[in-house]
Amino acid sequence: MKRCLTIAGSDSGGGAGIQADLKTFGALGVYGTSAITAVTAQNTVAVTRVQEMPPDMVAAQIDAVAEDIGMDAAKTGMLWNAAIVEVVAAAVKRHAIPNLVVDPVIVSKSGARLLQQDALEALKTRLLPLSEFVTPNLPEAEALAGLAIPDAEAMREAARRIHALGPRRLVIKGGHAAGPNVVDLYYDGEDFQELKAERIDTRSTHGTGCTFSAAIAAYLAHGLPPLDAVSRAKEFLTAAMVSAPSIGRGAGPLNHFHALHQG
């Protein structure tokens, strides 16, 4: 059985973070393991408290998984501070972790900051060069690239700048842009590909970035080519949003197990 590791924060509401990643892994037929970077008190409305893990404990969790279970792919989510970014990057090198997908989580859906300012530079210089994929949304892409992204051409320039930081390939998610379609931009350093999907009118959007990046990691673990992994992950995410239950008073969670409930 293929194995995936998620290195991310815990969401007590179950919609994002470690919980969303493990649900995605399970739904896509890979064995999921985790290294928790922070514990959040969180629901669909707000993040009310964050308690980060000691960096050596984050490293110990990764070591424990790598030395026994192993992994065919891994993803990162909320990393919180520069010290945690540093130990995660060191562990990725130490264990030669393959197929690393970096979801550069900076701000939650409810607006709470999930990456300290001093950690952004560490993420750019230490972790992105080790990654197979980085999956920023538009605000995250602006932070990584250092420019505003008002249109498609600026999105391509941002992709070039982010690729220059070291990831082998990336996909900038277009969900924050206006329009009837969501257009994601894939770039591997040579070719651009646009992936389009009809925009879904729903408030169940909590954990979309976590789910998308976890699905990419799962499909990479299964051996899919990178662009196919992204395309399949986008299909999985769309179906999870379309069939999402109405839970909570804010941005609700997705239905990660939609395939089990068909028919």
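The values are calculated or read from the model by the stated rules, or taken from the named source; none is laboratory data. Source: prediction; values computed, not measured. FYI the Cβ positions are ideal-geometry reconstructions off the backbone, even for glycines, and counts take in every protein chain you see. Calculation scope for accessible area: heavy atoms of the full protein, side chains included, ligands and nucleic acids excluded. Shrake-Rupley method; radii C 1.70, N 1.55, O 1.52, S 1.80 Å.
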Checklist entry - Do you know the relative contact order of the chain, to the nearest whole percent, from alpha carbon pairs under 8 angstrom that are 6+ apart? => result 19
Checklist outcome for this item: Rounded to the nearest 5, the percent of DSSP beta bridges in region 118-210 running antiparallel is 75
Checklist outcome for this item: A student applying the Cα gyration tensor rule (rounded when a/c is under 1.5; otherwise prolate if a/b is larger than b/c, oblate if not) would label region 123-252 prolate
Checklist entry - Rounded, prolate or oblate: which fits the chain when a ≥ b ≥ c are the square roots of the eigenvalues of the alpha-carbon gyration tensor, with rounded for a/c under 1.5 and prolate only if a/b beats b/c? => result rounded
Checklist entry - Distance in nm between label sites at A112 and A64, each 7 Å beyond Cα in the beta-carbon direction? => result 2.4
Checklist entry - What's the carbon and sulfur percent of region 6-67's accessible surface, probe 1.4 angstrom, rounded to a whole number? => result 55
Checklist entry - Just F212, F25, F192 to compare: in a GNM of the chain, with alpha carbon springs under 10 Å, which one fluctuates most? => result F192
Checklist entry - How much length is gained if the chain between E157 and H176 is pulled fully straight, taking 0.36 nm per residue apart and subtracting their Cα-Cα distance, in nm to one decimal? => result 5.1 nm
Checklist entry - So what is the calculated 222 nm ellipticity per residue for the chain, using -39500 (n - 2.57) for each DSSP H run with n of 4 or more, over all residues, to the nearest 500 deg cm²/dmol? => result -11500 deg cm²/dmol
Checklist entry - How much length is gained if the chain between R203 and R168 is pulled fully straight, taking 0.36 nm per residue apart and subtracting their Cα-Cα distance, in nm to one decimal? => result 9.3 nm
Item to check | Choice from V45, V134, V92 showing the highest fluctuation, given a GNM over the chain with Cα pairs closer than 10 Å | outcome: V45
Item to check | For region 46-90, accessible area per residue (1.4 Å probe, heavy atoms of protein chains only), Å² | outcome: 41
Checklist entry - Which of V242, V105, V30 moves the most in a Gaussian network model of the chain with Cα springs under 10 Å? => result V242
Next on the checklist: Exceeding 18 Å between C-alpha atoms, which entries from my cross-link table qualify? They are K75/K196; K23/K234; K173/K234; K2/K173; K2/K196; K23/K124.
Outcome noted: K75/K196; K2/K173; K2/K196; K23/K124
